[in-house]
Amino acid sequence: MRWFFSIVLIIATSFTSFAQITDAEVEARAKEVGRSLRCVVCQNQSIDESDAPLASDMRKLVRKRLKEGDSNAEVIDYMQQRYGDYVLLKPPVQTNTYALWFLPFLLLLCAFGWFFKVARKAGAES
Amino acid sequence: MRALLPLGLFILIGLAFAIGLTKDPRQISSELINQPFPAFSLTELYDETQIITEETVKGQVSLINVFGSWCVACNVEHPVLMDIAKGEQVHLIGMDWRDERSKAKRWLAKRGNPYKTIIFDDESVLAITLGVTGAPESFITDKSGQIRYKHVGVITPQIWRETLLPIIKALEEE
């Protein structure tokens, strides 16, 4: 019976050591999350780069949520629910940003089309 | 026909700018309109042992005003809040943001305290949950504790009379 409990104990302790994330890991992930969140009071800096007091409080909150077991995406989601799309430094692909994401490719296609049209004409002339 | 192409493009781009540049990117719309006031647990400014939670905003129409002794614009807004308090037109709750207790108390002692309760949020815990970006900022909640309106910036007598008071009156009738 005793060996049974010791095995249970070993398994249980090994699990908790897996579940606990290290400070270094939190730090690295907090930086990653921080780089993708806009400091809402300084327009075009991420909260990772900004010296603004609110940005520092936001960094603290990011760390706290990561420590409590949130994934990076969940933390970013949490901020987005409060500050809107504005807080995301990389705009999401959605109806009001289609032009932003796809217009460059469309223009490139148009340019290619024009190029081939002119090239073919030039080829026919020579 | 071909000659009109650049002109057409020019007009198109011009229109896009005409619409885009008139929008103020700093004006972040609140994501929290029609959402319940977020759960929180913070202390009162004057009484460190008193815990305030989201229950404070329930039961009556409330105006939650974010301020701080460091906030210059709050000086301008303060007399208006004093008037609002005098008229007892709304349950006025203060949220002292990123402040020190002593400084906030001194600030209020000098100018008067219009608030029924003051939530002390020195680490932006509630501020971030509310999506606050600056002070002053004010939220109106209905009787069930839902956020119904957000005002960014100073409440002037005109804004109070023409915008906020009608909203509060309408909510009181709900």
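What follows is calculated from the coordinates using simple rules that are stated; it is not laboratory data. This one's a predicted model, so the numbers in the text were calculated from it and none came from an experiment. No Cβ is skipped: glycine too gets one built from the backbone with ideal geometry, and neighbour counts run over all protein chains shown.
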Tell me which residues come under 5 Å, amide H to amide H, from residue B:146 once H is placed; ignore anything under 5 positions away on its chain. B:37
Work out from phi, with θ = phi - 60° and the Karplus expression 6.51 cos²θ - 1.76 cosθ + 1.60, the ³J(HN,Hα) of each residue of region B:63-77, listed in order in whole Hz, and give x for Gly and Pro. 10, 9, 10, 8, 9, x, 5, 7, 8, 5, 5, 5, 4, 6, 6
Length-normalised contact order of chain B in % [C-alpha pairs under 8 Å, at least 6 apart]: 28
Per residue of A:77-86, count partner chain C-beta atoms within 10 Å of its C-beta, then hand back the mean as an integer. 5
Report, by chain and number, residues whose modeled amide H sits under 5 Å from the one on residue B:117, excluding near sequence neighbours (fewer than 5 apart, same chain). B:94
Test item: A:54-61 mean partner chain Cβ contacts at 10 Å: 4
Among B:160-170, A:88-98, what's the highest-first ranking by average C-beta atoms within 10 angstrom per residue? B:160-170, A:88-98
Violations at 26 Å Cα threshold for listed pairs A:90/B:23; A:60/B:143; B:86/B:150; B:86/B:169; B:116/B:150 -> A:60/B:143
What per residue convex hull volume, in Å³, do the alpha-carbon atoms of the protein assembly as shown yield? 263
Total formal charge among the other residues, if their Cβ is under 10 angstrom from that of residue B:128, Lys/Arg +1 and Asp/Glu -1: -1
Helix-only [θ]222 nm of chain B, DSSP H runs n ≥ 4, -39500 (n - 2.57) each, per residue, nearest 500: -10000 deg cm²/dmol
Most fluctuating residue of B:62, B:124, B:102 in a GNM of chain B with Cα springs under 10 Å: which is it? B:102
If packing is taken as the average number of other Cβ atoms within 10 Å across a peptide's residues, how do A:36-42, B:112-118 rank, most packed first? A:36-42, B:112-118
